Each structure stands twice: as C-alpha cells, then as structure tokens.
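The values are calculated or read from the model by the stated rules, or taken from the named source; none is laboratory data. Given the structure is predicted, the values throughout are model-derived calculations rather than measurements. All Cβ positions, glycine included, derive from the backbone under ideal geometry; neighbour counts span all protein chains shown. To get the accessible areas, we keep the full protein, side chains included, count just its heavy atoms, and leave off ligands, DNA and RNA. Shrake-Rupley method; radii C 1.70, N 1.55, O 1.52, S 1.80 Å.
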Amino acid sequence: AFSKIQNDKAKVGQHYLLLTKTVALITFPLMLLIYQIAEPLILLLFGKEWIEAAPFFKIFSISGIIASINTLLGSVIISQGRSDLIMREVYLKRPSILLGIIIGSFWGVIGIAVGKLIADFFNLGVSTIQIKSALNISIAQQISNLSGILFISLTAILGGFYFFEIEQTISWNLI
C-alpha cells in the first residue's frame with residue numbers, strides 16, 4: 001500500500017501514523033493485559049509448575065508492545081527507496097539485540113530477557129529517528145501519536161489491578 005503513494009511523502013506519513021495508531025490500539029491494551037494477568041494465565045494454561053515463567057511472560061509482553069510498532073518500519077522505508085536506512089537497521093539493531101543478550105547473560109535467564117527488552121527500546125529509538133529521516137515526521141509527533149493510547153491502556157490496566165486487589169481483599173475478609 002505504501003508503494004502506491006510513495007511519491008507523496010505527506011500521505012505516506014499520514015498513513016504510517018494511522019497504521020501505528022491502529023496497531024497500538026489493538027496491541028497496547030492486549031500486551032498490558034497479558035502483563036497484568038501473567039500469573040493467573042500461566043496457572044490456567046500450564047499449571048503451577050510453570051509459574052516461574054511469569055516474569056518472562058511479563059517482560060516479553062512489554063517487548064511485544066515495542067515490536068508491534070517497530071515492525072511497521074520496513075515497508076515504509078522500502079516504499080521511500082531508502083535502502084540506506086535498511087542497512088543502518090541491520091548494522092545497528094541486530095547487533096544491539098545480540099549485545100543486550102550477551103550482557104544480560106551475566107544475570108542469568110531473566111537478565112537475557114531484560115537485555116533483549118533494553119535492546120528493543122534502543123531499536124525503537126533508532127526506528128523513530130529513521131521515520132523522522134524518511135518521512136519528516138518529528139519524534140515528538142510520533143510519540144504524541146501513540147501517547148494517548150498508551151496512557152488510556154495503562155490507566156485501564158492500573159484500574160483493573162486496583163479493582164483486582166480490592167476484590168481479593170474483600171474475598172479474603174469474607175472467608
């Protein structure tokens with residue numbers, strides 16, 4: 001779709017912002033919900049012997065938020081004929097993941113997951129700069145495009161967490 005409007009950079013930018021907002025509208029609340037219910041979900045799906053996987057599940061749900069936006073970059077960059085940015089992606093992003101994993105390995109398996117998450121944040125920053133370069137969409141505009149959805153998603157999840165804690169307290173007091 002981007003290649004059909006590739007000569008109209010403003011239109012590509014509008015479509016990119018709409019696409020990222022649409023993807024965020026689905027993935028942000030879903031990934032934050034998965035983060036919120038990681039323990040009960042793992043207990044339900046896999047049983048108590050898998051409960052130690054919950055912290056990884058939480059880390060990867062945050063990583064999923066980042067990946068949902070980060071993966072949209074390639075088609076936009078290609079549509080603009082900016083293969084130079086694709087090469088930068090290969091030379092910056094891929095090694096950062098490897099570096100995050102290697103450094104994280106000093107802290108065990110959870111360190112590897114956190115190292116990968118930190119690399120994901122770094123790579124999101126690289127993607128944001130690449131979009132600025134390819135489409136002239138400011139970093140502030142990109143952040144603003146997603147901040148409302150992130151805020152609403154976090155507010156809903158925190159509200160759910162608060163409700164869940166109150167409900168558990170009331171349930172335990174009644175027993």
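With respect to the conditions (1) open to solvent by 60 Å² or more (accessible area, probe 1.4 Å); (2) touching a residue at least 12 places away in the same chain (Cβ under 8 Å); (3) of a type outside the set (Gly, Ala, Ser), Ile59 falls short on a single one, namely (1).
Has segment 15-24 got any residue that is surrounded by 14 or more Cβ atoms within 10 Å (Cβ to Cβ), aromatic (Phe, Trp, Tyr), within 30 Å of Ala134 (Cβ to Cβ) and in contact with a Leu (Cβ under 7 Å, 6 or more places away or on another chain)? Yes, segment 15-24 contains a residue that is surrounded by 14 or more Cβ atoms within 10 Å (Cβ to Cβ), aromatic (Phe, Trp, Tyr), within 30 Å of Ala134 (Cβ to Cβ) and in contact with a Leu (Cβ under 7 Å, 6 or more places away or on another chain).
Does Ile166 fit the bill of being at pLDDT 85 or above, part of a helix (DSSP H, G or I), out of contact with any His (no Cβ under 9 Å at 6 or more places or on another chain) and open to solvent by 50 Å² or more (accessible area, probe 1.4 Å)? Please lay out each step first, then the result.
Working: at pLDDT 85 or above: no; part of a helix (DSSP H, G or I): yes; out of contact with any His (no Cβ under 9 Å at 6 or more places or on another chain): yes; open to solvent by 50 Å² or more (accessible area, probe 1.4 Å): yes.
Judged against the criteria, Ile166 is not a match.
Among the residues of segment 35-53, the one identified as surrounded by fewer than 17 Cβ atoms within 10 Å (Cβ to Cβ) and within 17 Å of Lys116 (Cβ to Cβ) is Ala53.
The residue that is modelled with the lowest pLDDT, counting only those in segment 124-140 that are open to solvent by 20 Å² or more (accessible area, probe 1.4 Å) and part of a helix (DSSP H, G or I), is Ser133.
I'm trying to understand the selection: among the residues of segment 86-99, which are touching a residue at least 24 places away in the same chain (Cβ under 8 Å) and open to solvent by 60 Å² or more (accessible area, probe 1.4 Å)? Give the steps one after another, and end with the answer.
Filtering segment 86-99 down to residues touching a residue at least 24 places away in the same chain (Cβ under 8 Å) leaves 88-89, 92-93, 96-97.
If the condition is that a residue be touching a residue at least 24 places away in the same chain (Cβ under 8 Å) and open to solvent by 60 Å² or more (accessible area, probe 1.4 Å), then Arg88, Leu92 are the ones that fit.
Hey, does segment 64-74 have a residue that's over 15 Å from Lys132 (Cα atoms), free of Cβ contacts under 8 Å to residues at least 12 places away in the same chain and either touching a Ser or Thr at 6+ places or on another chain (Cβ under 6 Å) or open to solvent by 30 Å² or more (accessible area, probe 1.4 Å) (or both)? Yes, segment 64-74 contains a residue that is over 15 Å from Lys132 (Cα atoms), free of Cβ contacts under 8 Å to residues at least 12 places away in the same chain and either touching a Ser or Thr at 6+ places or on another chain (Cβ under 6 Å) or open to solvent by 30 Å² or more (accessible area, probe 1.4 Å) (or both).
What are the residues in segment 100-120 that are open to solvent by 30 Å² or more (accessible area, probe 1.4 Å), farther than 17 Å from Phe57 by Cα and touching a helix residue (DSSP H, G or I) at 6+ places or on another chain (Cβ under 8 Å), if any? Ile102, Ile103, Ser105, Trp107, listed by residue number.
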